[in-house]
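For reference, the structure discussed in these notes is given below.
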């Protein structure tokens with residue numbers, strides 16, 4: 001089925017290398033394990049977004065010598081927007097600008113650290129986004145997993161600092177100052193701690209897999225999944241160890 005080019009989704013992709021993983025994840029899981037966790041979350045998010053037929057997908061990615069393309073994510077090598085080590089906020093603004101330049105009318109930015117994202121939420125967001133309405137998906141950690149804009153209201157990203165401090169409150173305040181209304185999406189969580197990792201793994205075990213992974217598609221990822229289960233069983237501390245999103 002042809003993709004609806006009026007709708008676009010942006011996914012920020014990091015290579016599966018320890019030095020490229022966020023400090024938040026490395027603090028929570030350690031460098032090596034954080035790279036595995038991040039890679040698994042990216043793979044799951046990419047599959048969900050690739051299978052969503054009502055939007056095209058832009059992948060923002062900095063290629064490295066070790067991973068110069070995205071064949072590690074998809075053997076078909078989907079192509080990407082190379083952001084060349086730009087600051088995160090500039091990287092996001094550039095991705096939105098490219099999406100609108102290529103003809104998209106509505107654009108969603110999605111955070112791969114929130115693995116419970118559902119296709120119906122994407123449809124709901126695209127249905128609500130307009131020049132007067134922004135879609136915003138809150139997380140339990142005080143960040144957002146989804147931001148939906150039109151070209152007219154991308155002005156809320158122009159001033160720097162939209163990812164600083166309490167990012168959900170910050171973004172909500174910017175939207176209000178822009179005299180825009182907000183569609184608040186269902187709240188979910190980010191995998192940024194042992195507790196949230198355990199929750200994700202347990203939810204996956206309860207959910208039937210109707211699209212089993214092909215043997216040739218990222219075989220190392222299966223070993224990483226088993227590594228996560230074993231690791232959190234052996235090392236997860238008791239009590240709530242949530243790490244708030246930055």
Which listed residue is at negative phi, more than 18 Å from the chain's Cα centre (by Cα) and surrounded by fewer than 18 Cβ atoms within 10 Å (Cβ to Cβ), from 75, 87: 75
Any chance region 143-166 includes a residue that's in a loop (DSSP other than H, G, I, E, B) and modelled with pLDDT under 85? yes
Boolean, residue 129 is modelled with pLDDT of 95 or more and within 23 Å of residue 40 (Cβ to Cβ): no
Kindly indicate which of 137, 142, 127, 161 is on the phi < 0 side of the Ramachandran plot and either buried (at least 18 other Cβ atoms within 10 Å of the Cβ) or in contact with a helix residue (DSSP H, G or I) (Cβ under 9 Å, 6 or more places away or on another chain) (or both). 137
Somewhere in region 94-113, is a residue surrounded by fewer than 17 Cβ atoms within 10 Å (Cβ to Cβ), in contact with a helix residue (DSSP H, G or I) (Cβ under 8 Å, 6 or more places away or on another chain) and farther than 20 Å from residue 157 by Cα? no
Residues (over 28 Å from residue 42 (Cα atoms) and in a strand (DSSP E or B)) located in region 173-195: 181
Show me the helices (runs of 4 or more DSSP H) found entirely inside region 11-115 where at least 1 residues are over 28 Å from residue 125 (Cα atoms). 23-29, 31-50
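The values are calculated or read from the model by the stated rules, or taken from the named source; none is laboratory data. Keep in mind that this is a model prediction, so the values were computed, not measured. Because the Cβ atoms are built from the backbone with ideal geometry, glycine has one as well, and the counts that use them run over all protein chains shown.
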